[in-house]
Structure formats: structure tokens, C-alpha cells
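Since the structure comes first, as C-alpha cells, the remarks are kept for the end.
The values are calculated or read from the model by the stated rules, or taken from the named source; none is laboratory data. Note that this is a predicted model, so its numbers are computed, not measured. As a convention, Cβ positions derive from the backbone with ideal geometry for all residues, glycine included, and neighbour counts pool all protein chains shown.
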Amino acid sequence: MVAFMVQTTCPNCGEQAECVLWRAKVRFVCSGCQASYGEARPLKGFVYVAFNERQPGFAKVGLTTKDPEQRMKEISRGAGSIGTWKVGALFHSNRPEADEKRCHDKLKRFQEKSEVFCIDPVEAMLKVRTALSYREPLHMASKYRAEFDIAVAERRQKARHLQESDTPEANAPDEIGVSSAGEVKPQRGLFSNLFG
């Protein structure tokens, strides 16, 4: 079982505090001023984008309420599976079934069977990010990080360029979280992403 030591700063008095997170709901209370300023609770699950080097051009998008690496072992041993599936990107979820459905709906035109999609894994990651309201992945395989970051930056630049032009496309929001007015759609902070 994994436990985390979290260091926080009280927004009321600035006092530093530490808290251990270990599968239980935790409330943050300042030891200096006794102000309560947040809480953490276990995640209910994850939406993953998996890749398999023996099946290039395909991605598997699914959910798990277990350890994601354990889930990869299970699907790699499954009937009809060729090669080993690995986590390409992992997105937190407090509503895994609903989030998985949103992702599958976004990827529907690429669907081969159930959770397998005929799409480059990075493109699948970008579409999952969009389907999940621009939620950033908690984890990404290092082999995909640079390509993913470049694609996000290019999409942001395109959105800004469209915003500056007088084309009808300029009124449409872009796929990565920048509105046509150049406003970045709000992103929640690290702790609210992990526990909210």
C-alpha cells in the first residue's frame, strides 16, 4: 500500500504543516491557527490510455479501480492479446465509469472493439484529455511526454492564431482548453486534481 507525506501551507496564517495520506479521508487543519483549509480522500479510479509495442497504431482506453500496473498485466494475459500493454497515460477519476464513457464517445469513430481504438496513442491521450475537460494526466510514459507536450503547445498556438484572425473558426473553442478569446480554461491545482 502506498502512503504519501503532503506538505501544505495554511492559507490563513502561512504556517507549514505536514500530513500523511494513506487510504483514508484526511482534513487539513493548521496547527498554528486551527483553521481548516481542505481535505483529501482516496481516488475512486483511473482512466488509462495503454499502448502495446506489438500493436502499433492502436491504443486501449479503459478504466480501473485497482492498481493500473496490475490492470495492464490482466489485459496482457487476456484471450487474444498479443504482446504487453503498458500505461501510456493515466488520468485520475472520481467517476471512472462515467469518465470512461465520455472518452469512448470522443473516440467512437476510431473504435475497433470494446476498449481498443485504431489511433496513435498520443492522439488518443489528447482526445481523452479533451473528453475529461482538459484534465492533465497524473502519469505519462516518458516515450510520449515530449510529443504530447508539443501537440498541446501547437494546439494552443493555433487557438491563439485563430483568435487573432477574422475567420469564423475564431469563435470556436479549441481542443486543448483555450477559448477563442484567448482565455485558458481553468485548471484545478495539483491537490484538487488528485483528490477532488
Number of the exception - residue 126 against (1) assigned to a helix (DSSP H, G or I); (2) in contact with a helix residue (DSSP H, G or I) (Cβ under 8 Å, 6 or more places away or on another chain); (3) at pLDDT below 95; (4) not small (Gly, Ala, Ser): (3)
Residue within the stretch 45-62 that is surrounded by fewer than 18 Cβ atoms within 10 Å (Cβ to Cβ) and among the aliphatic types (A, V, I, L, M) present: no
Restricting the stretch 26-63 to residues that are charged (D, E, K, R) and more than 22 Å from the chain's Cα centre (by Cα), the residue that is modelled with the highest pLDDT: 54
Residue in the stretch 85-95 that is surrounded by fewer than 19 Cβ atoms within 10 Å (Cβ to Cβ) and assigned to a helix (DSSP H, G or I) present: no
Identity of the residue in the stretch 1-25, over 30 Å from residue 142 (Cβ atoms) and surrounded by 15 or more Cβ atoms within 10 Å (Cβ to Cβ), that ends up modelled with the lowest pLDDT: 17
The lone exception for residue 154 - which of (1) within 26 Å of residue 86 (Cα to Cα); (2) at pLDDT 90 or above; (3) of a type outside the set (Gly, Ala, Ser) it fails: (1)
Within the stretch 130-163, considering residues that are among the charged types (D, E, K, R) and not in a helix (DSSP H, G or I), the one surrounded by the fewest Cβ atoms within 10 Å (Cβ to Cβ): 136
Count of the stretch 105-122 residues which are in contact (Cβ under 8 Å) with a residue 40 or more places away in the chain and either out of contact with any helix residue (DSSP H, G or I) (no Cβ under 9 Å at 6 or more places or on another chain) or surrounded by fewer than 19 Cβ atoms within 10 Å (Cβ to Cβ) (or both): 5
